[in-house]
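Chemist: Can you keep this structure in mind? I'll have questions shortly.
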Amino acid sequence: MKTTRNVLITNDEPSSVFLLSEFFKIYQLSKDDLYINSLVAYSGLEAKHVVENREDLDLVIMNWEMPKMSGIHATELIREIRPDLPVLLYSAYVGNPVYEPLIKSYFDDSIPSPININSFTKIVDKYLLKK
């Protein structure tokens, strides 16, 4: 029987949402006993509402800059609702020494953009396979 993991992809760019969704499909194919259920939020505010209403979330992938509410602000609110829920940043800011202190203080981990399937798998494994 397959284990289901619910992942919230939060990004205001449809192309990034599509790319991350496709990467999760590829990731799922490499795991015999895992099914990934991807949900989407197009703003930090929408992500906060999803987290408030879905106790079954296992992981949040968050963009940095979005309309209505930034990824940092959304992550702060998510931490108040679900302090145990891992939030990973997916952004071109990852690896930039100017932003790294902020990234490390707000997010559990980060996925660089452009995305690499090997680093993506290694990072996501830490959070989806540990349960």
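Chemist: Just checking, how many residues over segment 1-34 are at pLDDT 95 or above, assigned to a strand (DSSP E or B) and touching a helix residue (DSSP H, G or I) at 6+ places or on another chain (Cβ under 9 Å)?
Modeler: 5
Chemist: Still on this structure, I have one more. Considering only residues that are among the hydrophobic types (A, V, I, L, M, F, W, C) and outside any loop (DSSP other than H, G, I, E, B), look in segment 68-82 and name the one that is surrounded by the most Cβ atoms within 10 Å (Cβ to Cβ).
Modeler: Looking at residues that are among the hydrophobic types (A, V, I, L, M, F, W, C) and outside any loop (DSSP other than H, G, I, E, B), I get 74.
Chemist: Considering only residues that are more than 15 Å from residue 7 (Cα to Cα) and in contact (Cβ under 8 Å) with a residue 60 or more places away in the chain, look in segment 83-131 and name the one that is surrounded by the fewest Cβ atoms within 10 Å (Cβ to Cβ).
Modeler: Looking at the filtered set, the residue picked out is 117.
Matching residues to (1) free of Cβ contacts under 8 Å to residues at least 60 places away in the same chain; (2) on the phi > 0 side of the Ramachandran plot; (3) over 12 Å from the mean Cα position of the chain (by Cα):
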position	(1), (2), (3)
19	no, no, yes
22	yes, no, yes
26	no, no, yes
40	yes, no, no
48	yes, no, yes
62	yes, no, no
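Chemist: Looking at segment 72-99, which of the residues that are out of contact with any Lys or Arg (no Cβ under 9 Å at 6 or more places or on another chain) and of a type in the set (Val, Ile, Thr) is farthest from residue 54 (Cα to Cα)?
Modeler: 98
Chemist: Moving to a separate point now. Here is a list of conditions, (1) of a type outside the set (S, T, N, Q); (2) assigned to a strand (DSSP E or B); (3) at pLDDT 95 or above, and residue 89 meets all of them except one; can you say which number that is?
Modeler: So the condition that residue 89 fails would be (3).
The values are calculated or read from the model by the stated rules, or taken from the named source; none is laboratory data. Every value quoted in this text rests on a predicted model; they were computed, and no experiment measured them. Reconstructed Cβ throughout: ideal geometry from the backbone, glycine too, with neighbour counts over all protein chains shown.
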